[in-house]
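The values are calculated or read from the model by the stated rules, or taken from the named source; none is laboratory data. Treat the numbers as computed from the prediction; the structure is a model and nothing was measured. Cβ coordinates were reconstructed from backbone atoms using ideal geometry, including for glycine residues, and neighbour counts include every protein chain displayed. Side chains included, ligands, DNA and RNA excluded: accessible areas come from the protein's heavy atoms. Shrake-Rupley method; radii C 1.70, N 1.55, O 1.52, S 1.80 Å.
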Amino acid sequence: MAVRLEKSWKELLKDEFDKPYFKSLSEFVHDEYKNHTVYPPAKFIFNALDSLPVDKVKVIILGQDPYHGEGQAHGLSFSVPDGTALPPSLQNIYKELKADVDKSPSPSGNLERWVKEGVLLLNATLTVRAHQAGSHQNKGWEQFTDAIIHQLAESKENLVFILWGNYAQRKGSFIDTQKHLVIKSAHPSPLSAHNGFFGSQPFSKTNEYLIAHGQSPINW
């Protein structure tokens with residue numbers, strides 16, 4: 001897996017690419033794309049990073065796996081390409097967006113417009129075999145994405161980390177809450193959204209914090 005990456009991320013993460021885990025991960029991912037149907041399309045593996053330089057990041061929304069259905073994953077957590085039916089979790093995110101900041105959601109599930117505002121839509125695992133949720137977990141991606149979170153948390157101040165569900169909260173457990181805002185709630189999945197996601201107001205809380213720290217709010 002040749003790592004062609006936006007230059008500011010390549011610099012921030014340069015120590016990772018020569019580590020044994022990343023070399024093993026690269027071989028695994030290469031073989032998976034060669035022998036199986038894997039999502040997202042290979043050109044979108046690093047889409048979250050390529051779409052948003054390090055210095056533009058203001059908010060991180062942490063997901064787990066890419067969507068594993070055809071045409072859904074394009075390298076941004078919770079997002080789907082234009083023209084794709086909204087997955088259930090994204091439907092619930094849009095419901096909370098409307099309730100929280102009274103913003104009528106776009107009919108499209110493509111969240112690239114959030115990326116342009118400074119929102120890093122990062123999954124913990126950046127690839128998945130078709131129709132097999134979790135199939136690329138514990139192969140090295142989590143270590144790589146941990147490094148992304150560590151480097152951001154160390155090198156920047158006053159970021160907002162939005163951690164939905166237990167998995168994201170464990171992954172972000174080391175973030176310094178004196179230096180950054182960490183917003184935690186239940187996951188927006190239909191299985192858990194009624195247990196604390198609805199009513200959690202992540203969008204307004206994010207903007208209140210950004211404004212209080214001299215940054216422009218996100219146009220959700």
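Which one is nearest to Tyr167 (Cα to Cα), of the residues in the range 57-107 that are open to solvent by 50 Å² or more (accessible area, probe 1.4 Å) and not in a loop (DSSP other than H, G, I, E, B)? Here the answer is Pro88. When the test is whether a residue is small (Gly, Ala, Ser), touching a helix residue (DSSP H, G or I) at 6+ places or on another chain (Cβ under 6 Å) and at pLDDT 95 or above, Ser8 passes it. Among the residues making up the range 3-24, a single one is of a type in the set (A, V, I, L, M) and assigned to a helix (DSSP H, G or I): Leu12. Per the conditions (1) surrounded by fewer than 16 Cβ atoms within 10 Å (Cβ to Cβ); (2) closer than 23 Å to Pro217 by Cα, the sole criterion not satisfied by Gly118 is (1). The number of residues in the range 160-208 being within 17 Å of Leu62 (Cβ to Cβ) and open to solvent by less than 40 Å² (accessible area, probe 1.4 Å) comes to 25. Give the residue that is nearest to the chain's Cα centre (by Cα), with candidates limited to residues of the range 25-50 that are assigned to a helix (DSSP H, G or I) and buried (at least 20 other Cβ atoms within 10 Å of the Cβ). Among those that are assigned to a helix (DSSP H, G or I) and buried (at least 20 other Cβ atoms within 10 Å of the Cβ), it is Ala48. Filtering the range 1-24 to residues that are among the hydrophobic types (A, V, I, L, M, F, W, C) and more than 18 Å from the chain's Cα centre (by Cα) leaves Met1, Ala2, Val3, Phe17, Phe22. In the range 123-143, the residues that are under 15 Å from Glu16 (Cα atoms) reach residues that are open to solvent by less than 20 Å² (accessible area, probe 1.4 Å) with C-beta atoms within less than 6 angstrom, at least six apart or across chains, in these pairs: Lys139/Leu25; Gly140/Leu25; Trp141/Thr125; Trp141/Leu126; Glu142/Ala124. Evaluating Ser173 against the criteria (1) over 23 Å from Leu90 (Cβ atoms); (2) modelled with pLDDT of 95 or more leaves one unmet condition, (2).
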